[in-house]
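Below is one structure, written out as structure tokens; comments come after it.
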Protein chains: 6
Amino acid sequence: MTHGPILVINPNSSRRVTDGLAQALRPYALPGGPVFECLDIPESPATIASEDDVARCGLRLAELAQGRTDASAVVIACFSDPGLDLARDLLSIAVIGIQQAGILTAMARADRFGIIALSPASVARHMRRMRGMGVLDRLAGEEALPGVSAEDAGHSDAVYAQTLTAGQRLVAQGAGAIVLGCAGFAPRRAALEAALGVPVIDPVQAAAVIALGAVLA
Amino acid sequence: MTHGPILVINPNSSRRVTDGLAQALRPYALPGGPVFECLDIPESPATIASEDDVARCGLRLAELAQGRTDASAVVIACFSDPGLDLARDLLSIAVIGIQQAGILTAMARADRFGIIALSPASVARHMRRMRGMGVLDRLAGEEALPGVSAEDAGHSDAVYAQTLTAGQRLVAQGAGAIVLGCAGFAPRRAALEAALGVPVIDPVQAAAVIALGAVLA
Amino acid sequence: MTHGPILVINPNSSRRVTDGLAQALRPYALPGGPVFECLDIPESPATIASEDDVARCGLRLAELAQGRTDASAVVIACFSDPGLDLARDLLSIAVIGIQQAGILTAMARADRFGIIALSPASVARHMRRMRGMGVLDRLAGEEALPGVSAEDAGHSDAVYAQTLTAGQRLVAQGAGAIVLGCAGFAPRRAALEAALGVPVIDPVQAAAVIALGAVLA
Amino acid sequence: MTHGPILVINPNSSRRVTDGLAQALRPYALPGGPVFECLDIPESPATIASEDDVARCGLRLAELAQGRTDASAVVIACFSDPGLDLARDLLSIAVIGIQQAGILTAMARADRFGIIALSPASVARHMRRMRGMGVLDRLAGEEALPGVSAEDAGHSDAVYAQTLTAGQRLVAQGAGAIVLGCAGFAPRRAALEAALGVPVIDPVQAAAVIALGAVLA
Amino acid sequence: MTHGPILVINPNSSRRVTDGLAQALRPYALPGGPVFECLDIPESPATIASEDDVARCGLRLAELAQGRTDASAVVIACFSDPGLDLARDLLSIAVIGIQQAGILTAMARADRFGIIALSPASVARHMRRMRGMGVLDRLAGEEALPGVSAEDAGHSDAVYAQTLTAGQRLVAQGAGAIVLGCAGFAPRRAALEAALGVPVIDPVQAAAVIALGAVLA
Amino acid sequence: MTHGPILVINPNSSRRVTDGLAQALRPYALPGGPVFECLDIPESPATIASEDDVARCGLRLAELAQGRTDASAVVIACFSDPGLDLARDLLSIAVIGIQQAGILTAMARADRFGIIALSPASVARHMRRMRGMGVLDRLAGEEALPGVSAEDAGHSDAVYAQTLTAGQRLVAQGAGAIVLGCAGFAPRRAALEAALGVPVIDPVQAAAVIALGAVLA
């Protein structure tokens, strides 16, 4: 049996981000398995910064997904999981948000997890969502890297040094696994995991794998 | 790069159970991906019923895993996750328990989950472990099928009717996804999912996929 | 000092619902206090039934509120609080959701609360939101009235009898206050409170009063 | 219909504190609305410092309220909510405690709240009561101002500077609203709110407004 | 070294209840150990039924204890723990409440506990206190015996049959230990434990033993 | 009636530790009461450091206890409570773990507790177990003394100074009682309690007393 593609939808309009997603998912593209089709939304802004962006991009993402009746699953590739409840209500296929998947996968690997976020403002949003997920008792801590862009997160050596320090602080606070709170960190995941000695979870990979599991089950 | 096998260890001695695991994981055996090697432990009893069984089988499982330095990951294929903390302490590769993985995957698919267990006694054990996981606020309910054996769970039509009724009760209680609380249910997963209209999670598949994600990351 | 109006926005297009809001808020329209201006959104559907409705009506509500720079506060008059985070992000005035306000006011009146909802489907949504609010430990229970419309909730004697029975069940489960889970119940609030002997909270009134407190502070 | 007065009972004997309450509630005294009658208890000590004070003042407050059969609601105007359960058991009218009302109103305005308290000792008491309220997951933090008196809280510029610093620390910890943990802060509420950029809740106002809502419903 | 008596204070005026306490503590009166001195309060009512009783009896209990400077510890022998925070604030010796001690001892014996209460009204009070204790996740259930008096709880065979049925329901709900929610049940503790096959905790004994531990430490 | 001994089993092989247990329990050995028989396990390592040690020593402890049919109760005298669930499953007498007993006894003495641990690594383990116990909301904090041995914990004056400082930090964080997270601290318990002014709980004493209560009930 063949399966339709797993849509990995970047809800912003940055093609560079989308290329990063495709890069991160390359290891999971096995012969015979479903294709990960990475998409962005040209009408969206280049980054999702406000609640207004979250709301509008969520709607667009759901519309896009609804039009792709060939898809076997959908991954929402933005750490604020825009449109998650909406897309689940509209579609009968599996819809996976990368924030939820990243955190839950970390919880399958270790007792407590930490998160490395970009902006301090996002930490408050994450707290709200983790309370909604009912998983706050597993959180060891969250560290933000103020002023760092998604692109620098994966490509600047200076930022990598900051990221490593943040990870070490989280491990010292009891984190047995680290969730990368932005898709941009993906190119540094393996190095960070090696340096910290604990699992470091790329949430896009985590969501893609859970989607894969649903499609092939 | 090639990867060592993912060991899927049934900590009891029942070859029939092990064969069921292999069957459930067949869809995930993709060309180029790691092999799922399903094992059992001949010195163990045929079923794990008591805390003593849990403790002794956990030790044997960890010893077995420790000896397999070629492995890339370990799945503990028993819903009481015997030896999980122990194996994690001894090994540097990913160690995934099916109870945790099944529940966490259900949480990635829906807001609240239900569990279908075999014995009423196991329900109290699951409550203890879910409190330890900090996920009780996501539990919609748990239903037991007293007197049903692991084998009948997957092969008896009368038991399937009971299972379906239990699943319907859980959905009525608000479960948006169902976790099968015994590997024996696997042959009925797809039918149950179709009949209930919500995701039904085979915890062995859930754990295998998270292990796969870790190995290929 | 005079204050701009408190906008009480019904995010659907039903004028009849809007009239009901105005009716429920009449007791709070005191000379010298701010006006409660009750509005609906003509482009919205007559009822908000799906997550898609919630998302789209939330956006429209936020846009409407953003355009009313004369307003002193905003009340979101729909029990799913559509657009709450969005409107808060866009506006600097107080934005109050009736679900949150109704529940929090019940918590100011008694130790545990119950909710009377219309559809069984909404119960699952409320559970998710109450978990997000971190108040699940105060919930005594929630009862749904399947098949009852918002209009009948306030105007049918047969439905009132059902509502009373639901309230009595919640009191028996330990509810010291009842939250009406739909604005439509408002005409029956006082009768229900008298019959049950515990506070019965109309969430629109609860939100309006908290908005009033913010404006006059 | 006219309504009896809303009794706002300062359970200590300080007339100056009572005058401050009346001052804080002036904005809510609208023509046609119920009167806020602010009272103190001459037999009580000037401040409530010990558990013994809490117990004895609670009893006196409940007795006073019980004797006022003309009252339409009671506000307990002390941040330890003395006599709350007792007065609720004795009276059929609404009884609102300012600690509960202040915290719940903050929760209606923002996701997480902070508290500014006077003595460090009161922080431990507040933790106990917030655990009892089941709202600890919404707490961003609490800051104490050691050595500051209730009177200085509202009248000293040096103390205001300290208060502002405490508020800024709480906002940095994620507080989206601040609860003033002592009635004495009331004269500085508006200035603090303007300086911090988040809602600052005077708990006496919060309780008075909820009482008003109950009386006029 | 000799130790002052451990005061076991029945905060009501019923001598018969006090005699029951003395009877329940007989097994702990070992040569060389401290004496358990069981007292009641003649000015109190014969039973503690209302929040007013709780408040007034708590004050009297604390006064009584404060006057007994020879005491080495205090046990508050009423399941609503009247005066607990107050007495702890006033005294430097250990003050143990039987509700807290009974529940905590059950938690030292089994994973989840059940409570058998007398009046349904007390169940709501217990929920509030257990939330305050932060132990709700350990509660399997609570059963009330409406219309049963404290005296009948220990002396009527018909009531014993009801008590046994309640205990069986709690065990079926997952209770691994039962807390007797009234001192009056003490004479039936051993029979109930034998019949149910799980530990049955007399809270007066539980508190006395913890007091003993504190005194002899 | 005479009672069999209460077995206090040190699951490691250090006789010196066992002697310390016996010393700590001397005050509870009253004429007419059960004997506390302190044992160690010669086949065990001298200290329990890894999850492997925990698993193996737990099995040995349960075997030892199972062979002693004369025993009236069992105390597991290691702060990781090895073999607790196992021994409870195998034996019908009371089985008490010192970690659980120490924490629960602290909760019977004060609202929030702190823990003084030896190694920082144990703090993560304790967090996991306290989450499983459902008591995290009562934890004020935990302090580790890196590099301190169990023996020095009770015998070195330099370590005592560190312990006191840790205790003071915990009290400042709101701890109203301190649990000693290692049996080795026992000789300093009384001095620490006097210096800190809050109850300091030796978990071996706490468990022994609860066992005593169960045996004599």
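The values are calculated or read from the model by the stated rules, or taken from the named source; none is laboratory data. Keep in mind it's a predicted model, so treat the numbers as computed, not measured. Here the Cβ positions follow ideal geometry from the backbone for every residue, glycine too, while neighbour counts run over all protein chains shown. What goes into the accessible areas is simple: the full protein's heavy atoms, side chains included, and nothing from ligands, DNA or RNA. Shrake-Rupley method; radii C 1.70, N 1.55, O 1.52, S 1.80 Å.
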Accessible area buried between chains B and A, both sides summed, probe 1.4 Å, in Å² to nearest 100: 2600 Å²
Dipole in debye (nearest 20) - the protein assembly as shown, about Cα centre, beta carbon charges: Lys, Arg +1; Asp, Glu -1: 0 debye
Relative contact order of the range E:14-139, defined on C-alpha pairs under 8 angstrom at six or more residues apart (%): 15 percent
FRET E, pair residue D:35, residue C:26, Förster distance 22 Å, beta-carbon r, rounded to 0.05: 0.60
Gaussian network model of chain B, springs between alpha carbon atoms under 10 Å - residue of B:201, B:103, B:93 with greatest fluctuation: B:93
Cβ nearest the rotation axis (C onto F), residue from chain C and distance to the nearest whole Å: C:137, 5
Two-site FRET efficiency, residue E:155 against residue E:3, from Cβ-Cβ distance with R₀ of 30 Å, rounded to 0.05: 0.35
The range C:100-201 shape via C-alpha gyration tensor axes, a/c threshold 1.5: oblate
Calculated label separations, residue A:49, copies of the chain, 7 Å along the beta-carbon direction, nm: 4.0, 5.3, 5.3, 6.5, 6.7
Interface residues in the range C:12-57 - accessible area drops by 40 Å² or more relative to the isolated chain, probe 1.4 Å: C:28, C:30, C:31, C:51, C:52, C:56
Normalised contact order of chain E, rounded percent, pairs of Cα under 8 Å and 6 or more residues apart: 23 percent
Helix-only mean residue ellipticity at 222 nm for chain E, each DSSP H run of n ≥ 4 adding -39500 (n - 2.57), per residue, nearest 500: -15000 deg cm²/dmol
Student exercise, the range B:100-202 dipole from Lys, Arg, Asp, Glu Cβ charges, in Debye to nearest 20: 380 debye
Carbon plus sulfur fraction of accessible area for the range B:1-149, probe 1.4 Å, in percent: 52 percent
Shortest-first nm distances, residue B:155 label point to equivalent points in other copies (7 Å, Cα→Cβ): 5.9, 6.2, 6.2, 6.2, 8.7
Contact order normalised by residue count of the range E:100-202, Cα under 8 Å, 6+ apart, percent: 36 percent
Radius 15 Å from Cβ of residue B:4, net charge of other residues (Lys, Arg +1; Asp, Glu -1): -1
Rounded to the nearest 20 debye, dipole of chain F from Cβ charges on Lys, Arg, Asp, Glu: 380 debye
Å² of accessible area per residue within chain F, as computed with a 1.4 Å probe and no ligands counted: 34 Å²
log₁₀ of I(q)/I(0) at q = 0.05 Å⁻¹ - the protein assembly as shown, Debye sum with one point per alpha carbon: -0.36
GNM flexibility winner over chain D from D:170, D:104, D:30 (Cα, springs under 10 Å): D:30
Distance between the range A:145-217 and the range B:130-186 - C-alpha centres, whole angstrom: 35 Å
Most fluctuating residue given options A:21, A:90, A:192, as computed from a GNM of chain A linking Cα atoms under 10 Å: A:90
Span from the the range B:27-75 Cα centroid across to the the range D:41-103 one, whole angstrom: 63 Å
Label point 7 Å beyond Cα along the C-beta direction, distances from residue D:19 to other copies (nm, shortest first): 5.3, 6.1, 7.2, 7.2, 9.2
